[in-house]
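First comes the structure, then the notes that go with it.
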Amino acid sequence: MIRHFACLLALLLLLPAGLSAAVPKQQQVAVEAASQWVPLVDAGQYGKSWDAAAKLFRDSISRAEWVKSLEMVRTPLGDLVSRKVKGTAFVTTLPGAPEGEYLIIEFNTSFANKPSVIETVTSAREADGNWRVAGYFIR
């Protein structure tokens, strides 16, 4: 669990200084994949969110560890109030990950118990061509 969050923190430190607010059409599908995945987390369906994540994600943390982590971190935030894309960054390399296509998406998010957070969701294009979530971080 700590290793997973450390990797995500390292990723955040390596992000370009300014994420692009505009999302090119070819990357919109990656944003849509992330936007369809986060409602699983919002609904407390943490196990299902792990099941729906990219292989890279599932290989980095066990299902049980993921569920336990979100129960500790996400559950106390309460219900989702709002979520809006803040910006995106397309990258081909990430620390500890193979070269590939990744879209890092930052959301301005408000929860019932914490009105202003940044959620960072990383989508990865997998071998089958589909985009799936490969990382999730709340700050």
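The values are calculated or read from the model by the stated rules, or taken from the named source; none is laboratory data. No experiment lies behind these values; they were computed from the predicted model shown. All Cβ positions, even for glycine, are placed from backbone atoms using ideal geometry, and neighbour counts span all protein chains on display.
With the structure loaded, tell me whether Ile118 is modelled with pLDDT of 95 or more and either surrounded by 16 or more Cβ atoms within 10 Å (Cβ to Cβ) or part of a loop (DSSP other than H, G, I, E, B) (or both) or whether it fails that test.
Numbers: modelled with pLDDT of 95 or more: yes; either surrounded by 16 or more Cβ atoms within 10 Å (Cβ to Cβ) or part of a loop (DSSP other than H, G, I, E, B) (or both): no.
In short, no.
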From the option list Glu71, Glu106, single residue qualifying as part of a strand (DSSP E or B), at pLDDT 95 or above and of a type in the set (Asp, Glu) is Glu106
If we ask which residues in region 19-41 are part of a helix (DSSP H, G or I) and either modelled with pLDDT under 85 or among the hydrophobic types (A, V, I, L, M, F, W, C) (or both), their number turns out to be 11
Under the condition of being crowded, with 19+ Cβ neighbours inside 10 Å and hydroxyl-bearing (Ser, Thr, Tyr), which residue from region 85-103 is modelled with the lowest pLDDT? Thr88
Find all pairs meeting these conditions: Cβ atoms under 8 angstrom apart; at least six residues apart or on different chains; first residue within region 61-89 and touching a residue at least 12 places away in the same chain (Cβ under 8 Å) and within 22 Å of Asp51 (Cα to Cα); second residue among the hydroxyl-bearing types (Ser, Thr, Tyr) and in a helix (DSSP H, G or I). Ile61/Ser69; Trp66/Tyr46; Trp66/Ser49; Val67/Tyr46; Leu70/Tyr46; Leu70/Ser49; Glu71/Tyr46; Arg74/Tyr46
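Which one is surrounded by the most Cβ atoms within 10 Å (Cβ to Cβ), of the residues in region 74-84 that are assigned to a loop (DSSP other than H, G, I, E, B) and among the charged types (D, E, K, R)? Can you show your working first?
In the first step, residues of region 74-84 are kept if they are assigned to a loop (DSSP other than H, G, I, E, B); the result is 74, 78-79.
Among the residues that remain, those that are also among the charged types (D, E, K, R) are: 74, 79.
Details: Arg74: 18, Asp79: 10.
The qualifying residue surrounded by the most Cβ atoms within 10 Å (Cβ to Cβ) is Arg74.
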